[in-house]
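> Before we start, here is the structure in question, set down as structure tokens.
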Amino acid sequence: GDRDNKRQKKLDFLDGFYAILFEGKMSGVDESHLKLTILELYAKFGITTHESTHGNAAPTLGDLLEILQKYTKEHPDPVRQQCCRALATHLEAALQGPIGYLNGKSNADMSSSVICFDLKSLDEHYFPIFMYIVLDFSEQRMYQNPRRHKVLYIDEAWYLLEKDTTARALSQMNRHTRHVRMGID
């Protein structure tokens with residue numbers, strides 16, 4: 001089903017990611033235009049509904065900024081141009097802060113059997129977005145080797161519970177842990 005579709009899982013993750021990143025800055029129309037732009041960007045990178053394309057290199061935040069900026073001038077729909085202009089402005093500003101570290105592939109070794117994410121040096125404003133990313137990473141890892149016992153320890157989980165998007169992600173993840181021999185503490 002859709003839960004097994006890597007592309008759809010990533011698109012679902014991006015919905016949450018941008019909901020947190022652009023909280024209070026997007027209307028429903030902006031959200032829809034952002035989703036359409038992301039689908040077009042994924043297609044530009046050769047990532048479609050066909051499973052054989054799901055291993056292709058994914059676009060970066062910089063790639064999204066580039067297409068949003070392009071659409072502010074070249075898209076035939078003036079409403080889409082206006083939405084893309086606002087989204088490009090918000091994304092460009094976000095990339096000037098700690099979010100800029102997310103523009104590209106990680107150089108961290110994530111293959112260790114014990115991984116600790118330490119976010120204490122982050123400004124509290126950025127906790128929800130980075131914790132959401134850590135949750136997504138943890139969920140991806142929990143499905144690897146489903147017969148192996150795993151434990152996820154979350155300190156300061158109240159940060160996750162304060163935002164609807166991260167609370168839903170944690171709840172969804174928690175409902176599926178028993179299927180993969182995982183516990184959350």
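The values are calculated or read from the model by the stated rules, or taken from the named source; none is laboratory data. Just so you know, these numbers come straight off a predicted model, no measurement behind them. Here the Cβ is made from the backbone with ideal geometry for all residues, glycine too, and neighbour counts use every protein chain on show. These area figures cover heavy atoms from the full protein model, side chains too; ligands, DNA and RNA do not enter into them. Shrake-Rupley method; radii C 1.70, N 1.55, O 1.52, S 1.80 Å.
> On the Cα set of the chain, report Rg and Dmax in Å, please.
That works out to 17.3, 53 Å for Rg and Dmax.
> What does the convex hull of the Cα atoms of region 18-127 come to per residue, in Å³, rounded to a whole number? Display every interim value, and only then the final one.
On the way: hull volume 14.5 nm³, N = 110.
Dividing the Cα hull volume of region 18-127 by its residue count gives 132 Å³.
> I've got another one for you. For the chain, what does -39500 (n - 2.57) per DSSP helix run (n ≥ 4), summed and divided by total residues, give at 222 nm, in deg cm²/dmol to the nearest 500? Can you show the working numbers first?
Details: 7 runs with 99 residues, N = 185.
Taking each H run of at least 4 residues, the total per residue is -17500 deg cm²/dmol.
> Moving on. Give me the Kirkwood hydrodynamic radius of region 76-185 in Å, from all C-alpha pairs, to one decimal place? Write down the numbers at each step before the final one.
Numbers: mean 1/r = 0.0618 Å⁻¹.
For region 76-185, inverting the mean 1/r across all distinct Cα pairs yields 16.2 Å.
> LEU152's amide H: which non-local residues (gap 5+, or another chain) put their own amide H closer than 5 Å, with H modeled 1.01 Å from N in plane and none for Pro or chain starts?
GLY183, ILE184, ASP185
> Under a Cβ-Cβ cut-off of 9 Å, what is the net charge of the residues other than HIS33 that fall near it, where Lys and Arg count +1 and Asp and Glu count -1?
Values: positive: LYS35, ARG80; negative: ASP30, GLU31, ASP77.
Charge balance near HIS33 sits at -1.
> Where does the charge balance sit around ARG148 when Lys and Arg score +1, Asp and Glu -1, over other residues with C-beta under 11 Å from its C-beta? Could you put the intermediate results ahead of the total?
Values: positive: ARG141, ARG147, LYS150, ARG181; negative: none.
That works out to +4.
> Cα convex hull of region 137-185: how many Å³ per residue? Display every interim value, and only then the final one.
On the way: hull volume 3.1 nm³, N = 49.
Given the Cα convex hull of region 137-185, per-residue volume reads 63 Å³.
> Follow-up question, since we're still on this one. Counting Lys and Arg as +1 and Asp and Glu as -1, what is the net charge of the other residues whose Cβ lies under 14 Å from the Cβ of TYR126? Display every interim value, and only then the final one.
Working: positive: LYS120, LYS163; negative: GLU23, ASP118, ASP123, GLU124, GLU156, GLU162.
Charge balance in the 14 Å sphere: -4.
> Separate question: Ignoring ligands, DNA and RNA, what percent of the 1.4 Å accessible area of the chain is carbon and sulfur? Each step should come with its number before you reach the end.
Numbers: 5770 of 11520 Å².
That share works out to 50 percent.
> Once you treat every alpha carbon in region 52-105 as an equal point and sum by Debye, what is log10 I(q)/I(0) at q = 0.14, 0.20 Å⁻¹?
Once normalised to I(0) and log-transformed, intensities are -0.43, -0.73.
> Continuing with this model, one more query. Most fluctuating residue of ASN107, ASN145, ASN174 in a GNM of the chain with Cα springs under 10 Å: which is it?
ASN107
> While we're on this one: Dividing the convex hull volume of the alpha carbon atoms of region 82-122 by its residue count, what do you get in Å³ per residue? Mind dumping the intermediate values first?
Values: hull volume 4.1 nm³, N = 41.
Expressed per residue, the convex hull around the Cα atoms of region 82-122 is 100 Å³.
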